[in-house]
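Report on one structure; see the data block that follows.
The values are calculated or read from the model by the stated rules, or taken from the named source; none is laboratory data. In this text, all values refer to a predicted model and were calculated from it rather than measured experimentally. Note: ideal-geometry Cβ built from the backbone for every residue, glycine included; neighbour counts use all protein chains shown.
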Amino acid sequence: MANEEVILTQEGMNKLEEELEELKTVKRAELAQRLKVAISYGDLKENSEYHSAKDDQAFMETRIVQIERMLKKARVVESTDNSKVQIGSVVVLNDIEMSEHIEYRLVGPAEADVFNNKISYESPLGSALLGKTAGDTVKVAAPIGEIRYEVLEIKNV
């Protein structure tokens, strides 16, 4: 897993680069200032502000390393053909049982964000959708049972 490539859309790559820049410049400076103030309170053993800032610093530095590794192994993939579902495609689905329409963007696992309707191509629904065309029906196993979706439309962003 450590040597696997990281599949990203261009949007995902841009967001990671922006987050990395923010962490390395703005957030590091803010944490350095917090640490400076906390140290001025003295007695570091019982200084909760100091320990909190050190914990935040460790978390931030871990995130920086994580993003740098992802960017080194990143491969940007964008959909170019809206005749079939690919990574980067926006897919409009009809939940057949509920008769509800929902729109998802198929992305790599590092970008998946269900709250923003971005699902990984490795997820059960994402993998079922890959290669499908408008009019196809997919079945996905879910904790509540099998869910059937009809692919209504495929868009490129």
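Looking at THR80, THR25, THR62, which one is under 30 Å from VAL151 (Cβ atoms), among the β-branched types (Val, Ile, Thr) and either loosely packed, with under 14 Cβ neighbours inside 10 Å or touching a Ser or Thr at 6+ places or on another chain (Cβ under 6 Å) (or both)?
Checking each option against the conditions leaves just THR80.
Can you spot a residue in the range 52-67 that is over 27 Å from ARG28 (Cβ atoms), out of contact with any Lys or Arg (no Cβ under 8 Å at 6 or more places or on another chain) and part of a helix (DSSP H, G or I)?
no
Condition check: assigned by TED's automatic domain parsing to the domain that holds GLU22 and either touching a strand residue (DSSP E or B) at 6+ places or on another chain (Cβ under 9 Å) or closer than 30 Å to TYR41 by Cβ (or both). Does ASP81 satisfy that?
So ASP81 fails the test.
Please pick out the residue among GLU100, GLU111, GLU78 that is of a type in the set (Asp, Glu), out of contact with any Phe, Trp or Tyr (no Cβ under 9 Å at 6 or more places or on another chain) and under 22 Å from ALA141 (Cβ atoms).
GLU100
Criterion first (within 20 Å of PRO109 (Cβ to Cβ), in contact (Cβ under 8 Å) with a residue 40 or more places away in the chain and outside any helix (DSSP H, G or I)) does ARG75 satisfy it?
Yes.
Given the conditions (1) of a type outside the set (Lys, Arg); (2) more than 30 Å from LEU31 (Cβ to Cβ); (3) under 23 Å from the mean Cα position of the chain (by Cα), which single one is not true for VAL138?
(3)
State which residue pairs qualify: first residue more than 18 Å from GLY12 (Cβ to Cβ) and inside the range 116-136, second residue surrounded by 15 or more Cβ atoms within 10 Å (Cβ to Cβ) and among the aromatic types (Phe, Trp, Tyr) in any location, beta carbons under 7 Å apart, and separation of 6 or more residues or different chains.
SER127/TYR121
For the range 88-146, please list each of the strands (runs of 3 or more DSSP E) lying entirely inside it that holds at least 1 residues being loosely packed, with under 12 Cβ neighbours inside 10 Å.
Those strands (runs of 3 or more DSSP E) span 100-107, 137-142.
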